[in-house]
Amino acid sequence: MSKLSPQQIEQIVGRREELGHSYDQLAKAFGVSSGAVYYQCLKHGARGPRQRFLPVPSQQRTTHCKNGVTQRTFTEEEDRQMLALEMEGLSYLEISRRVGRAYTSVRMRIMRLAMAEEAAS
């Protein structure tokens with residue numbers, strides 16, 4: 001798998017927004033993982049024309065993946081807390097420490113919340 005160039009990222013964002021290509025389609029076309037495509041789309045606020053955001057659960061749910069890793073969903077309260085801490089100017093690292101979540105989980109969640117807010121307005 002190769003690293004994406006700025007031009008490739010721009011093409012991915014355009015195809016996602018304008019043509020509604022899936023993450024898997026884009027990953028195959030650019031020779032990268034669908035996770036890499038998802039991250040770049042999230043980072044740049046690119047969403048498909050039919051993409052919707054699911055409501056946030058009020059209570060935390062725990063799921064187990066095939067590889068044995070436990071994943072916890074974010075709750076509305078955690079979202080509010082993370083956004084408040086971000087507004088105070090705290091880094092993702094400090095926010096992750098305060099809410100007891102992994103740095104990457106916090107960073108990705110805050111980007112996703114920003115994208116959902118933009119889509120709602």
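Worth a mention:
- Pair list, Cβ < 7 Å and 6+ apart or interchain, from the range 20-47 residues that are over 18 Å from Ala119 (Cβ atoms) to residues that are surrounded by fewer than 19 Cβ atoms within 10 Å (Cβ to Cβ) and at pLDDT below 90: Asp24/Ser34; Ala27/Ser34; Gly31/Met1; Gly31/Ser2; Val32/Met1; Val32/Ser2; Ser33/Met1
- For the range 88-121, the candidate set comprises residues that are exposed (fewer than 13 other Cβ atoms within 10 Å of the Cβ) and within 20 Å of His44 (Cα to Cα); within that set, the residue that is nearest to the chain's Cα centre (by Cα) is Thr104.
- Residue match in the range 22-29 (condition: buried (at least 16 other Cβ atoms within 10 Å of the Cβ) and either assigned to a loop (DSSP other than H, G, I, E, B) or modelled with pLDDT under 75 (or both)): no
- Scan of the range 30-51 for residues that are in a helix (DSSP H, G or I) and more than 24 Å from Ile110 (Cα to Cα), ordered by number: Phe30
- Some residue of the range 113-120 being at pLDDT below 95 and in contact with a Lys or Arg (Cβ under 8 Å, 6 or more places away or on another chain): yes
The values are calculated or read from the model by the stated rules, or taken from the named source; none is laboratory data. Nothing here was measured: the structure is a model prediction, and the numbers come from that model. Ideal geometry is used to build each Cβ from the backbone, glycine not excepted, and the neighbour counts take in all protein chains shown.
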